[in-house]
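Data first, discussion second: the structure below is written as structure tokens.
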Amino acid sequence: MKKALLQFLKTMLSSARDLAPIALVIAFFQIFVLQQPIPNFEAMVIGSIFVVVGLTFFIYGLEMGLFPIGESMAFSFARKGNVAWLLIFAFALGFGTTVAEPALIAVTKKAARIAAQGGVIEVTDAAIKQYALGLKFTVAISVGLAAVIGVLRIIKGWPIQWLILGGYALVVMMTTIAPKEIIGIAYDSGGVTTSTITVPLMTALGIGLASSIKGRNPMLDGFGLIALASLSPMIFVMGYGMLY
């Protein structure tokens, strides 16, 4: 119990240290550049404390729960030797974590409202909701397929650079023909998928799988799933915009 408490306090100190530069930058520009008092100072201090505590619990939870779960399941599937079930699990993990990603939910809702204001879709609650859901599930499916490709890459030993180069070549080609209204959303979708829920589980899956397969190096083969997960939504969302 004492060891766990010390580890938690160490994590909290690390979280505060990581957030300190952000606070210093904001304070510097507010006081010396804008030369204005910080608005709602007390509320900001309380909110910052909540951020530190929340981030501490989140990181501590990752280390205790999500990373071990992802790695142990990858080990189990590798020992089972059933590639089909492993690929199904990889797709479900990528899809499920992306659907639950708070950043993606926020971005798709905002994109739907802006699309309605810009005349791309009807200005009704039903149309806005349908557009946001379509975007969210398009991104989720793309991340699920990226997880499948990433797992196959680890199993087969494919060089990741060719997958990345091919993917970005396709992104550039699609950018020239996709509706201009969807391009920015598509590019941003690649970033919001690599956030609080998706990253730790996908990383744990890759490392666990690479560690359990003979001839694979976790350092060389275990990473790269996140790169594919951030690339695939750009392709799929531009495709969604072209079809919509």
Counting each DSSP H run of 4 or more residues in the chain as -39500 (n - 2.57), what helix-only mean residue ellipticity at 222 nm follows after dividing by all residues, to the nearest 500 deg cm²/dmol? -27000 deg cm²/dmol
V123 to F28: FRET efficiency via 1/(1 + (r/R0)^6), r the Cβ-Cβ distance, R0 45 Å, to the nearest 0.05? 0.60
So which residue, out of P200, P39, P233, gets the largest mean-square fluctuation from a GNM of the chain using Cα contacts under 10 Å as springs? P39
Starting from the 7 Å offset along Cα-to-Cβ, what nm value, one decimal, do you get for the label separation of K214 and N82? 2.2 nm
Quantify, in whole percent, the carbon and sulfur part of the accessible surface of the chain (1.4 Å probe; protein heavy atoms only). 72 percent
V172-R17 pseudo-label distance in nm [points 7 Å out on the Cα-to-Cβ vector]: 4.1 nm
Apply 1/(1 + (r/R0)^6) to the Cβ-Cβ distance of L152 and F58, taking R0 = 30 Å, and write down the FRET efficiency to the nearest 0.05. 0.45
The chain - accessible surface per residue (Å², probe 1.4 Å): 57 Å²
Hull surface divided by four, with the convex hull built on the Cα atoms of the chain: how many nm²? 17.6 nm²
Filtered hits (lysines, Cα-Cα < 19 Å from K80, offset >= 8 within chain) -> K156, K214
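The values are calculated or read from the model by the stated rules, or taken from the named source; none is laboratory data. What you are looking at is a predicted structure, and each value in this text was computed from that prediction instead of being measured. Neighbour counts run over all protein chains shown; Cβ positions are idealised from the backbone, glycine included. Heads up: the accessible areas ignore ligands, DNA and RNA and are worked out on the full protein's heavy atoms, side chains in. Shrake-Rupley method; radii C 1.70, N 1.55, O 1.52, S 1.80 Å.
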